[in-house]
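Contents: one structure, followed by commentary.
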Amino acid sequence: QVQLVESGGGLVQPGGSLRLSCAASGFFFSNKVMRWYRQAPGKERELVATITGDGGSTIYPDSVKGRFTISRDNAKNTVYLQMNSLKPEDTAVYFCYSPVFGSWGQGTQVTVSS
């Protein structure tokens, strides 16, 4: 059974940083593309980062490029999202996603506010 469990969200001031983690289980993780999405209240879910199975390639939308970094540790079956220079508009629930299995985690809330 595919399972994705996010952690690391919280309240942070503008300009601050957070690192999200997503622990994967139930499938062979190392060769699977993984993604992070976010969804703010009243808005559609937005893709914020993609990483290939070997971690060698990453993709970001302009809204987070240069501030967010996706990475993975295949030995730990975990994908990370390092978020720097956070802005109030980054406030959202952040989700881990496996496109191969169409599976979502439960999400972790990130709130950027002074």
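The values are calculated or read from the model by the stated rules, or taken from the named source; none is laboratory data. Quick caveat: nothing in here was measured; it's all calculated off a predicted structure. For neighbour counting, all protein chains shown are included, and Cβ atoms are generated from backbone atoms with ideal geometry for every residue, glycine included. We work out accessible area using only protein heavy atoms, side chains counted, and drop any ligands, DNA or RNA first. Shrake-Rupley method; radii C 1.70, N 1.55, O 1.52, S 1.80 Å.
Would you please calculate the Kirkwood hydrodynamic radius of the chain over all C-alpha pairs and express it in Å, rounded to one decimal?
Working: mean 1/r = 0.0718 Å⁻¹.
That comes to 13.9 Å for the chain.
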Size of the dipole of the chain about the Cα centre, Lys and Arg at +1 and Asp and Glu at -1 on the beta carbon, nothing else charged, in debye to 20? 60 debye
Rank these by accessible area, largest first, 1.4 Å probe: Leu20, Leu11. Leu11, Leu20
Could you please put Val79, Val100, Val93 in sequence from largest to smallest accessible area, using a 1.4 Å probe? Val100, Val93, Val79
Pick out which of Ile59, Ile70, Ile51 has the largest mean-square fluctuation in a Gaussian network model of the chain, springs linking Cα atoms closer than 10 Å. Ile59
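Mind listing which chymotrypsin sites (Phe, Trp or Tyr not before Pro) in the stretch 1-92 are in a DSSP loop and have 13 or fewer other Cβ atoms within 10 Å?
Phe28
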Within a Gaussian network of the chain (alpha carbon springs, distance under 10 Å), most fluctuating of Pro88, Pro14, Pro41: Pro41
Would you mind checking the stretch 81-96 for residues with the amide N under 20 Å from a putative spin-label position 7 Å along Cα→C-beta of Lys65? 81-87, 89-90
Pair Trp104, Ser17: separation of 7 Å Cα→Cβ label points (nm): 3.0 nm
Could you grab the relative contact order for the chain? Cα pairs under 8 Å, six or more apart, rounded to a whole percent. 37 percent
Under 17 Å Cα to Cα from Lys87, which lysines show up? Leave out anything in the same chain fewer than 8 places away. Lys43, Lys65
With every protein chain kept in place and a 1.4 Å probe, the chain has an accessible area per residue in Å² of 51 Å²
